[in-house]
1. Being among the charged types (D, E, K, R), exposed (fewer than 15 other Cβ atoms within 10 Å of the Cβ) and more than 14 Å from Phe73 (Cβ to Cβ) is the filter here, so list the residues in the range 1-43 that pass it.
2. Looking at the structure I just gave you, is Thr53 closer than 26 Å to Val9 by Cα, surrounded by fewer than 21 Cβ atoms within 10 Å (Cβ to Cβ) and in contact with a strand residue (DSSP E or B) (Cβ under 6 Å, 6 or more places away or on another chain)?
3. Select from the range 98-127 the residues that are out of contact with any helix residue (DSSP H, G or I) (no Cβ under 8 Å at 6 or more places or on another chain) and modelled with pLDDT under 95 and list them in ascending order.
4. Taking the range 2-15 only, how many residues are among the small types (Gly, Ala, Ser), in contact (Cβ under 8 Å) with a residue 12 or more places away in the chain and farther than 19 Å from Leu90 by Cβ?
5. Sort out for me the strands (runs of 3 or more DSSP E) sitting completely within the range 16-128 that have 1 or more residues that are touching a residue at least 24 places away in the same chain (Cβ under 8 Å).
6. Search the range 74-126 for residues being surrounded by 17 or more Cβ atoms within 10 Å (Cβ to Cβ) and basic (Lys, Arg), and hand back the single one that is nearest to the chain's Cα centre (by Cα).
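The values are calculated or read from the model by the stated rules, or taken from the named source; none is laboratory data. Note that the structure is predicted; figures quoted are calculated from it, not measured. Every residue, glycine among them, receives a Cβ derived from its backbone with ideal geometry; neighbour counts consider all protein chains shown.
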Amino acid sequence: MQSDALRDVAARFGGALTETSKVSTISVPPEKVVDACVAVSKLPGLYHLSTITGLDEGEKIVLHYQFWEGVRFVDVKTEVGKSSPKLGSLCAVLPSATLYEAEIQDILGVDFEGNPYRGKKLLLSDDYPAEAPPPLRKEADPAEIRRLMKLE
């Protein structure tokens, strides 16, 4: 693994590097996540963005951009506040991010500025209620969402 190169990426973008036997994680501020992901993607063997995942942790949404390197992963991690969850989009430089970002927009409500699916639904039905929170947020109440969609 290229720990020195990953430490350099973390330092350049105001982040920190932690490592386990299977995953190296670079934690960066949200305004630096696109640049950090581009830098990681240019390292030898790390051009493949495997997925972007998100998790509602209460007051914030944590996002993981996962790059695959054989048997190991490099994870670029950032977090955004739930009151205004906005990030820049990676899709102009890493097209594989397009649908991952669109999924996270639907299910967690993160707005990826520059994504062609911005403001459109990918996973949710067109009649998903605008007043309902995204379905994977902690405050989402499935019974209330079904009621708003007139499913019950």
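1. Selection gives Asp4, Asp8, Arg12, Glu31, Lys42.
2. Against the criterion (closer than 26 Å to Val9 by Cα, surrounded by fewer than 21 Cβ atoms within 10 Å (Cβ to Cβ) and in contact with a strand residue (DSSP E or B) (Cβ under 6 Å, 6 or more places away or on another chain)), Thr53 qualifies.
3. Gly119, Ser125, Asp126, Asp127
4. Count: 2.
5. Result: 23-27, 49-56, 60-69, 72-81, 86-88, 111-113.
6. So, considering only residues that are surrounded by 17 or more Cβ atoms within 10 Å (Cβ to Cβ) and basic (Lys, Arg), the one nearest to the chain's Cα centre (by Cα) is Lys77.
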